[in-house]
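Here the structure comes first, spelled out in structure tokens, and everything after it is commentary.
The values are calculated or read from the model by the stated rules, or taken from the named source; none is laboratory data. This is a predicted model, so every value here is computed, not measured. Positions of Cβ are backbone-derived with ideal geometry, glycine not excepted, and every protein chain shown enters the neighbour counts.
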Amino acid sequence: MVERTVHGVPLSKEAFRVPPRELGIMPFWFWNGELDYEEMEYQLRELHSKGIPGIFIHSRFGLEVPYLSDEWFKRVQFTIDKAKELGMQVWIYDEKNWPSGTVGWEIPTKHPDLQQRYLELVILDFNGPFFTYLEGTDSRYLDLEDSEPICAYGVRAEEFEAGEIKEIIDVTPNLSFDKVIPWEAPAGRWKLLYFVERRAKWYIDALNPESTKKFIEYTHEQYKKWIGHEFGKGMPGFYTDEPAMHYFSVQEDNYIIPWSKHMFKIFREANGYDLKPYLPALFAGMGDMTTKVRCDFWQALSRQYAKAYYRQISEWCKENNLYHTGHLLYEEFLRLITRVEGNIFDQLKEMHITGVDHLYPRIGSADRPEEHTAMKVGSSAAHHFGSTRLLCESLGGTYWDCTMERMKWIADWEYVLGVNLFNPHGFHYSVEGERKRDWPPSQFYHHPWWEKYDLFNGYVARNSYMLSGGRHVAKVAVLYPIVSIWANYTPQAPTPTAALIEQEFYNLTDSLLRLHFDYDYVDEEVLAGAEVRDGKMIIGDEEYELLILPPLTTIRESTLEKLETFFQAGGKIIADALLPTENTAGFSKELTEAISGLFGQDALAVRADALKEGGEQSVTANSNASGGKCIFVSKGFGPSLPGSTLDKVIRECITPDVEISDPNVFYLHRIKDGKDVYFLVNPTAEDRSMTLSLEGLGRPEAWCSVSGKITPVPVYRHEEGRTIFPVELSQYGSAMFVLNKGEAADHVIDTNLSVDGVGEGTVQAYSRTPGRGFVKVKSGDRVEVLEVTVPEPLDAMVLDGTWQFAAPYDNAFLIQRFRFKQDDEGQGVELGYADPEFDDSEWLEFKQGAWELQLPFERDERTYPVTIWYRMQFESEHVPEDLRLLIDGMKAESRSFFINGEELKAEPRRCKFDAQIKEVDIAPLVKEGTNTIAIRMEVADKVAGLLDLVKLVGSFAVEERNGVEVMVAPKAELAIGSWTDQGYPYYAGVGVLTTTVTIPEAFQGKRVFLELECGDDVVDVAVNGEEVGTILWHPYRIEITSFLKPGEHTIQVSVTNTLINFFEGVKRPGGLLQAPVLKPYHAWELTY
């Protein structure tokens, strides 16, 4: 089972129809509560019932079992035992919360010497002559407390600000009294550069191999002690999450760089010279040594980090028959990743299964091109390092209004960029209280749409199956410009050159997708090992005909050699905006001349001109007798669409593998078991029609990842060695095609009808467009034109009016404002705080959230525990027999509830949708009219009290009376429109809407489709009690022809929404937002 998960499954139609469980979704299972054994088994069985092949156990906020305790490991073993019974895999996330490496801060706390270190440049400005006595023991003048001196230099302010230091005075020998730098500066403006070492006490020194050894000892070895007998069986591997070689203020520009206990030694052993005299070069230029120092420094860090952290864990996992996977920090951003991960390819090379992440409800776009980068980095590394699967941690932060369509939208975009292992973040054991704010949503059993999750998992599993194994097809490689970034990197601010490199790199990343030239990034060290053959660059299974160079200032000597070899062998190279003039040791006359010769441009002049504003874009080309071509385009490509300069110069170099007439649609091409597989994705909110043109001749098939059905593409033609056919994609739509090259079948080559079947002498077609309809059929060498007269379309039936309504889930009444009182004397009961008649007008008005942070001023003494009271009221015209109060987010050491002055004695029990949210019956104490709820709490910290809205649930509706919401009897009928305006503003669940319709005789023999407008919720359709189908996302259109005949019919539409209304009080529309439409089409079975 594990091997199929890791390496994929061979291609067959049957395996597509029923996708291998091993290739399904693999979520994080957030262990964030009490971890009751019976509840854990229930949740595992829920996972299994939806086709989930395995989980990653992930300790999270809210965990009540001590992490890595005996009780923890007993539950791990229990999980593995139950998972084995179910045929599931249990992977281990290697940390408490995140990032990996600290064992929940235990290592940096117990072993201070292993705490993360960083180097900070502290600058003192002054005019000389001046005597300074810079005291580094505190932060009276500059922030220097908790720091250790490393060295100090005096430099001319003008030179430092211009980015090129010429005069430097070493004042380190002046160090006095441990941390004081005295210096009498000469005349002029000066900067004292004081380099100090500091620590981030919450993280490890990941550059120090001893840190990782301790991490393995405290984590991995403990798992081995407890469950080592399951290694490689029930427990296949470990997941590491967002470790970093630097973890202090990483999102800010500042004068800080990664450091380690033996940094100077690490640098010298890697590079053969001392770093200390050149430390300022990491922040400003120092002449000829600048590029060398920067490249040597960042390369030394990157390799040291790979060796100290990732390689140790991977080797330990391999020795113990385990796989190692996970992902890094800031995979998307060249600048940010430099400081936290170095060269990402150094780190990904050490993983057995390549991984990346993508959070939030957004994807890459022309406006956010950098969002594509992580997926392309990960897929490129997977291709080059031999990882069949590319894992992507996904959906964290997509929030409680996340729908199946939103999940599909994000998953499709990830998959078209090369992901094939979907790792949702995450499935919460519980969402009680604060837990629901831990990177929502939970995509688990809490959600109303969970009952349909097997359909979503089946969709993802089919895509994973088709896109795992075989080889990726791309003719273009893009050089990953990390060396040039290093050469131009300063931590305090991006240099103009670095900014140009990064922005153009992102522009290429997005533009190539829109121009439909798929590509991989190629790291320079990977490029060095590439084979050049027949005008192609061969790396693993990849064969590139074109290498694109983003703006570059600096490349390795091995890269120059490969460029020259590739060009001479007939390869094609396009350079963007900048030509390199440096190797990693600095300016190189030989390299500059070689690059100038390749591109027919003076590389030095190009660099001087690149950052100048204005000027015309120019294109120059240099060719050789072997067919090699080097093209240089000045001023950068910028965002590019079809017909742009980028599009034109690429087409001068290669023949497109895939052409799509719409630049907003993306594709992925793989060859699996000899079959060409194409995955198309429309990541936009608009329906799109396009023409798809594939290189090669063959018979195309549509493989539907939603249903598992495989059907011939009925309409296509062959032209000039290509297979061409129309494609329709709804908003956020996708399609999977297989081109059976060399095969032929009867097919339609042109038509103005909708055709969905051809073969055995017949064509199935339909239309609502009146006039002459035709179908041009090709059968063997014969072409026949079939014609029909399309009559005027029949009127569609609009199913407006009132629909019967049923709400099988509980409705919710939310109380969002409360009165609050601190009860210092503990006399609230005696003082009548619970009584309905009590006057609370002088109490504070609170909303959900931490009680102490809502006080208008500080308490005199911050002591605990504290007794606090909340009072609230609600109006009711109807008291349902099943009315309950949910105990959710009521954080306290103890609680007492009073309904209309009477203390609630009923025992709380597990609610219907969460392990730790309790419910308690309150109907016997509620009356018609005004009801008062009082809650007395003993709280032990400031983040306590009513942290969530107060929720009443049961069978009722909610209406507004003079601005006040009132509980009323449930509704049996609703008009067309959102149910949030008709009594169900906070409802989360399934709404069942039913109507009766009379089908006219004129519909006989027609094809009839039901069209719905339900937002992006899940919809189930039934006719006369017989299930028609489930619609998870657009298009909300389903054929019901076979269920209809003239006469009366019952149509039932069940809409399933999200939890946002219930949890957040957001009135997100739900239900039938517009009247459904029955649309008849004239239909024919034409013979040829």
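Summed over the range 428-470, residues that are under 24 Å from the mean Cα position of the chain (by Cα), within 30 Å of Leu739 (Cβ to Cβ), of a type outside the set (S, T, N, Q) and not in a helix (DSSP H, G or I) total 1.
Pull up the range 50-107, narrow it to residues that are aromatic (Phe, Trp, Tyr) and farther than 23 Å from Gln916 by Cβ, then point me to the one that is surrounded by the fewest Cβ atoms within 10 Å (Cβ to Cβ). If we take residues in the range 50-107 being aromatic (Phe, Trp, Tyr) and farther than 23 Å from Gln916 by Cβ, then Trp105 is surrounded by the fewest Cβ atoms within 10 Å (Cβ to Cβ).
Being under 26 Å from Thr388 (Cα atoms) and not assigned by TED's automatic domain parsing to the domain that holds Lys675, is that true of even one residue in the range 481-496? Checked against the condition, which is being under 26 Å from Thr388 (Cα atoms) and not assigned by TED's automatic domain parsing to the domain that holds Lys675, the range 481-496 yields at least one hit. Is it the case that Arg156 is more than 23 Å from Lys179 (Cβ to Cβ) and charged (D, E, K, R)? Judged against the criteria, Arg156 is a match. The residue of the range 384-438 that is surrounded by the most Cβ atoms within 10 Å (Cβ to Cβ), among those that are at negative phi and in contact with a Gly (Cβ under 6 Å, 6 or more places away or on another chain), is Tyr429. Taking Thr711, is it over 18 Å from Met690 (Cα atoms), touching a Phe, Trp or Tyr at 6+ places or on another chain (Cβ under 9 Å), in a strand (DSSP E or B) and among the hydroxyl-bearing types (Ser, Thr, Tyr)? So Thr711 passes the test.
Determine whether Tyr489 is over 18 Å from Ala381 (Cα atoms), crowded, with 21+ Cβ neighbours inside 10 Å and aromatic (Phe, Trp, Tyr). In short, yes.
Can you find a residue that is in a helix (DSSP H, G or I), closer than 24 Å to Leu694 by Cα and not aliphatic (A, V, I, L, M) anywhere in the range 512-522? Yes; the residues of the range 512-522 include at least one that is in a helix (DSSP H, G or I), closer than 24 Å to Leu694 by Cα and not aliphatic (A, V, I, L, M). Residues that are touching a helix residue (DSSP H, G or I) at 6+ places or on another chain (Cβ under 6 Å) and aromatic (Phe, Trp, Tyr) within the range 42-77 comprise just one, Phe73.
Taking the listed residues Leu47, Leu68, the one that is of a type in the set (A, V, I, L, M), in contact (Cβ under 8 Å) with a residue 60 or more places away in the chain, closer than 24 Å to Asp454 by Cβ and touching a Gly at 6+ places or on another chain (Cβ under 9 Å) is Leu47, with no other qualifying.
Note on the range 833-877: residues that are outside any strand (DSSP E or B) and hydroxyl-bearing (Ser, Thr, Tyr) amount to 4. Of the residues making up the range 106-118, those that are over 32 Å from the mean Cα position of the chain (by Cα) and under 27 Å from Ala152 (Cβ atoms) number 2. Of the residues that make up the range 453-470, is at least one under 22 Å from Lys572 (Cα atoms) and not acidic (Asp, Glu)? No.
Each residue in the range 823-836 was checked for being of a type outside the set (Ser, Thr, Tyr), touching a strand residue (DSSP E or B) at 6+ places or on another chain (Cβ under 6 Å) and crowded, with 16+ Cβ neighbours inside 10 Å, and 4 of them qualify.
Within the range 355-389, restricting attention to residues that are of a type in the set (Gly, Ala, Ser) and not in a loop (DSSP other than H, G, I, E, B), the residue that is nearest to Arg303 (Cα to Cα) is Ala381.
For the range 558-646, the strands (runs of 3 or more DSSP E) that sit wholly inside it and include 1 or more residues that are of a type outside the set (A, V, I, L, M, F, W, C) and under 30 Å from Val665 (Cβ atoms) are 572-576, 629-633.
Beta carbons closer than 8 Å, at least 6 apart along the sequence or on distinct chains, never pair a first residue in the range 608-619 that is outside the structural domain of Gly636 (by TED's automatic domain parsing) with a second that is at pLDDT 90 or above and assigned to a loop (DSSP other than H, G, I, E, B). When Arg60, Arg21 are checked against the criterion of being among the charged types (D, E, K, R), out of contact with any Cys (no Cβ under 9 Å at 6 or more places or on another chain) and closer than 27 Å to Cys704 by Cβ, Arg21 stands alone in meeting it.
Of all residues assigned to the range 740-761, none qualifies as being buried (at least 20 other Cβ atoms within 10 Å of the Cβ), within 30 Å of Ser978 (Cα to Cα), touching a residue at least 40 places away in the same chain (Cβ under 8 Å) and not small (Gly, Ala, Ser). What about Leu44, is it modelled with pLDDT of 95 or more and surrounded by 19 or more Cβ atoms within 10 Å (Cβ to Cβ)? The answer is yes for Leu44. Picking from residues in the range 285-305 that are buried (at least 21 other Cβ atoms within 10 Å of the Cβ) and of a type in the set (A, V, I, L, M), the one that is nearest to Gln347 (Cα to Cα) is Leu301.
Scanning the range 143-158 for residues that are touching a residue at least 24 places away in the same chain (Cβ under 8 Å) and assigned to a loop (DSSP other than H, G, I, E, B), we see that the one that is farthest from Val171 (Cα to Cα) is Asp146. Would you confirm, using the coordinates I've provided, whether Asp921 is touching a residue at least 60 places away in the same chain (Cβ under 8 Å) and among the acidic types (Asp, Glu)? Answer is no for this residue. Of the numbered criteria (1) charged (D, E, K, R); (2) within 12 Å of the chain's Cα centre (by Cα); (3) within 21 Å of Tyr519 (Cβ to Cβ), the one Asp357 fails is (3).
When each of Asp914, Asp840, Asp888, Asp882 is tested for being closer than 17 Å to Val926 by Cα and either surrounded by 13 or more Cβ atoms within 10 Å (Cβ to Cβ) or under 45 Å from the mean Cα position of the chain (by Cα) (or both), the lone residue that passes is Asp882. Scanning the range 157-210 for residues that are in contact with a Gly (Cβ under 8 Å, 6 or more places away or on another chain), of a type in the set (Phe, Trp, Tyr) and under 27 Å from Thr291 (Cβ atoms) turns up Trp190, Tyr194.
I want to confirm something. Restricting to the range 340-354 and keeping residues that are assigned to a helix (DSSP H, G or I) and in contact with a Leu (Cβ under 9 Å, 6 or more places away or on another chain), which single residue is surrounded by the fewest Cβ atoms within 10 Å (Cβ to Cβ)? It would help to see each step written out before you state the result.
From the range 340-354, those assigned to a helix (DSSP H, G or I) are 340-341, 344-348; that's our starting set.
When the remaining residues are screened for being in contact with a Leu (Cβ under 9 Å, 6 or more places away or on another chain), the result is 340-341, 344, 347-348.
Numbers: Val340: 24, Glu341: 28, Ile344: 28, Gln347: 26, Leu348: 27.
Ranking the candidates gives Val340 first.
Scanning the range 839-858 for residues that are under 14 Å from Gln873 (Cα atoms) and either touching a residue at least 60 places away in the same chain (Cβ under 8 Å) or outside the structural domain of Phe898 (by TED's automatic domain parsing) (or both) yields a single hit, Phe846.
Among the residues of the range 322-331, is any under 30 Å from Ile165 (Cβ atoms) and at pLDDT 95 or above? So far as the range 322-331 goes, yes, one or more of its residues are under 30 Å from Ile165 (Cβ atoms) and at pLDDT 95 or above.
Return a yes/no flag: does the range 1043-1055 have any residue that is of a type in the set (Gly, Ala, Ser) and crowded, with 17+ Cβ neighbours inside 10 Å. Yes, some residue in the range 1043-1055 is of a type in the set (Gly, Ala, Ser) and crowded, with 17+ Cβ neighbours inside 10 Å.
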